[in-house]
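The structure under discussion appears below in the form of structure tokens.
The values are calculated or read from the model by the stated rules, or taken from the named source; none is laboratory data. As the structure is a computational prediction, the values presented were derived from the model and not from experiment. Here the Cβ positions follow ideal geometry from the backbone for every residue, glycine too, while neighbour counts run over all protein chains shown.
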Amino acid sequence: MSAEIVQFLGQAGPYLTAALGAYGAGVLTRAESSAVDATANAGRRLLQAVWRCRDAQGRTELEAAVGDAAAEPDDADAAAALRQQIKRALRDDAELLRELTALLPVGSGGVSVTASGERSVAAGGDIGVAITGDVHTERP
């Protein structure tokens, strides 16, 4: 499995969970609801896109995994089975990963950095050397 798929599933997890909580097992067939928050609607779109790309057997397997995950939201095995179905779809269809990534809200995979407190340093990537304190001499 590629690192891209693992990264995508990590980013998509909260959206999928919200969609299952809001729509239940009907998430694959229900229309988007304005009464449901944006996170759940994004998850619904992700699951429906996966469902559309699957063949009849793949759809049946995805429906079963969605039903189990919706019926038992705290069951880690049910959530893992759903992720496995999505992984299978992503491995079978290279274009699907790009399509699903585009469906995630902007900034869902971005870096969030917060510095709090006196002399704190926050960096969103490799910044090299960060020095705090009063008595430090930088060495070349």
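Tallying residues that are in a helix (DSSP H, G or I) and loosely packed, with under 15 Cβ neighbours inside 10 Å within segment 48-63 yields 4. For R45, state whether it is modelled with pLDDT under 95 and in contact with a Ser or Thr (Cβ under 6 Å, 6 or more places away or on another chain). So R45 does not fit the description; no. The set of residues in segment 64-76 being buried (at least 18 other Cβ atoms within 10 Å of the Cβ) and either farther than 19 Å from L97 by Cβ or touching a strand residue (DSSP E or B) at 6+ places or on another chain (Cβ under 9 Å) (or both) consists of V66, G67, A69, A70.
When the test is whether a residue is out of contact with any Gly (no Cβ under 8 Å at 6 or more places or on another chain), loosely packed, with under 13 Cβ neighbours inside 10 Å and free of Cβ contacts under 8 Å to residues at least 40 places away in the same chain, G10 passes it. Residues of segment 69-102 that are outside any helix (DSSP H, G or I) and either within 16 Å of G58 (Cβ to Cβ) or touching a residue at least 40 places away in the same chain (Cβ under 8 Å) (or both): P73, D93.
Look at (1) surrounded by 13 or more Cβ atoms within 10 Å (Cβ to Cβ); (2) part of a loop (DSSP other than H, G, I, E, B) and you find that R45 fails only one, number (2). For segment 25-42, the tally of residues that are farther than 18 Å from A102 by Cα and loosely packed, with under 15 Cβ neighbours inside 10 Å stands at 7.
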